[in-house]
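Input: a single structure, listed below in structure tokens.
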Amino acid sequence: MLDVDIEQFWKDEETHADFYCYYPYVETIGNVSALPVNVRADQSALNSYKSSDYLWGKTEDATPDGNPVDIQVRHKMSKLVIKIEPGIGYTYETLWQDIKSIRILNLVCGATMDLNTGSVTLSGTACDMIPYSKDDNCSAFVVPQVVEDSELIRVELSDRSCTLIQSMEFKSGTQHTCTLKINKLSEGVNITIGGWENDDTDYGDTLD
């Protein structure tokens, strides 16, 4: 919950007002209908990861009656969670010792957001992303988009690499999960794809 002094935003004691909330904050906005937003290509650092989580909310026709104005903000980006599990020939410890890097491939990192409606529109070219890693999971915030039969995730091992090719629709405010089970076999590396897990929790809160 955030406490914000909004008295300065009322025109007078009678005029109703619309309130908009967005994060990260931008001091100067050239066009409220097309605010440039970009998730970081490198989200490995916690501050870069958090600054890629764009939030937006609004409350319309609020009355200056002395009561708090409630605004619920929502995640406007999509979130991709990558779970790495050991398959045949690996333990968790030996697998993570063998992993050199994990990359998310071929996703557009730029967009514009309409602060009037909260809608997000793709803008820019595709790039590769470095997710934030914690424990045995990796995650990254992704601009909502659709990919078809695309090289999506690449895991670089000490002596080889393996790539997940997948079709996905990254939806705003939705968490998608890819569970990759990696086998250590003499003839190569096999990957099995786990199902998606949708997080139905709204991470917004009331702003007073």
key: Cα-based Rg and Dmax for the chain, where Dmax is the largest Cα-Cα distance (Å)   = 20.8, 76
message = Run the helix sum for the chain: -39,500 (n - 2.57) per DSSP H stretch of 4+ residues, divided by residue count, reported at 222 nm to the nearest 500 deg cm²/dmol.
response = -1500 deg cm²/dmol
inquiry  = Quick check: at a probe of 1.4 Å, how many percent of the accessible area of the chain sits on carbon and sulfur atoms?
reply    = 46
task = Evaluate 2.2 N^0.38 Å with N set to the residue count of the stretch 72-153, then give the Cα radius of gyration divided by it.
result = 1.35
message = Given bins 10 angstrom wide, list per bin the percent of all Cα-Cα distances in the stretch 11-121, short to long.
response = 11, 31, 25, 16, 10, 5, 2, 0
ask   = How much accessible surface area, in Å² rounded to 10, belongs to the heavy atoms of residue 156 with a 1.4 Å probe?
value = 60
ask   = Which of 58/79; 134/171; 50/181; 11/50 have a Cα-Cα distance over 25 Å?
value = 50/181; 11/50
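The values are calculated or read from the model by the stated rules, or taken from the named source; none is laboratory data. This structure is a prediction, so every number in the text was calculated from the model and none was measured. Quick note on the areas: whole protein, heavy atoms, side chains included, nothing else; ligands and nucleic acids left out. Shrake-Rupley method; radii C 1.70, N 1.55, O 1.52, S 1.80 Å.
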